[in-house]
């Protein structure tokens, strides 16, 4: 008790911070603590305990919280070499600064070049499944994953698959391209020792119907083997029931190596293609000649119409000139006659009118009689030496 009163009591303090211990023997003190980079996330406690030399003890705790920092992301997939129509399992993991697994959402995108083929969301450390398309084009793909501000990419490869499925309907061989590339190989078919090798060009997800009569003679065959597909067909009867045109077509096919389907239809090859070009060329030649003859006939008709038009225009000009000359010829020059001539003309017109009206009806029925009477009177005057003036001579 005397030690306390005299002020000589001693205090000892212990501090525990995340397993690190600090000891102090003074009443007032400070501690500098650096949080480690790999410290565990979430809740932590600082423990402080003090005691004096007479056995008094005091204890307290101070909690603090460490926010997790996403530091590392991982993408694990079942395989990196994939076939078309295959399912892929993927697991995404995200770790914090202490390399502890975190929880959270993930987003997965599947790319072909810059194009997103598929996309899905899920959880960290859960299995995400996605499928490769049945006819996926061979080549590289990119898987891109994002979670908690981190992202990771991984490249995978789609394998090349050449696969032909073969089946038989009657004597028709059905070939189907179930691979992911155009099938452009020789088709080898063997029938009881006889071999037929044809060029097969078949687009993806397409089939072709091949009549075996195009390849083998009529008859019964115990075994037909399609080497490309490792398929063997048993007890096949082949009948040639094709028309003449089909046989000719089949003959060309047999020579050139089969015309087969691509994704746009039938694709003829080699000589068959040239034969088609020849037929088209002949057709176009005849059509061109027909058009040329038709054009020539049309041109002749046009030239004739043009010549008739020019001839008509020329004749019209000549008629206009003749009309102008005749009009000038019959034009009176009134400046040559005086007032007395005009009065004489008027008297003759009136007299002619009165004489015509005074004639018996039987005479006026014939107009020629009137004009003949006028000509007779005019002749009598001329015989008497009375030529008269121009207007007198005109009207009798």
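Observations on the structure shown:
- Placing a pseudo-label 7 Å from each Cα along the Cα-to-Cβ vector at residue 126 and residue 234 gives an inter-label distance of 5.2 nm.
- Cα gyration tensor shape of region 45-183, rounded if a/c is under 1.5, else prolate or oblate by comparing a/b with b/c: prolate
- Summary of packing: across the peptides 64-73, 303-312, the per-residue average of other C-beta atoms within 10 Å ranks them, highest first, as 64-73, 303-312.
- Nearest-0.05 FRET efficiency for residue 168 and residue 282, computed from C-beta distance (R0 30 Å): 0.20
- With the highest mean first, a sort of the peptides 39-49, 20-30 on other beta-carbon atoms found within 10 angstrom per residue produces 39-49, 20-30.
- Stretch gain in nm, segment residue 320-residue 195, where the contour uses 0.36 nm per residue and the Cα spacing is subtracted: 35.8 nm
- Between residue 67 and residue 21, the distance separating the two model label sites (each 7 Å from Cα on the Cα→Cβ line) works out to 3.4 nm.
- Here the spin labels are modelled as points 7 Å beyond Cα on the Cα-Cβ line, and at residue 157 and residue 307 they lie 8.1 nm apart.
- Theoretical FRET efficiency, 1/(1+(r/R0)^6), r = Cβ-Cβ of residue 133 and residue 241, R0 45 Å, to 0.05: 0.65
Values in this text are rule-based calculations from the coordinates and carry no lab data. Keep in mind it's a predicted model, so treat the numbers as computed, not measured. Cβ atoms come from the backbone with ideal geometry, glycine included; neighbour counts cover every protein chain shown.
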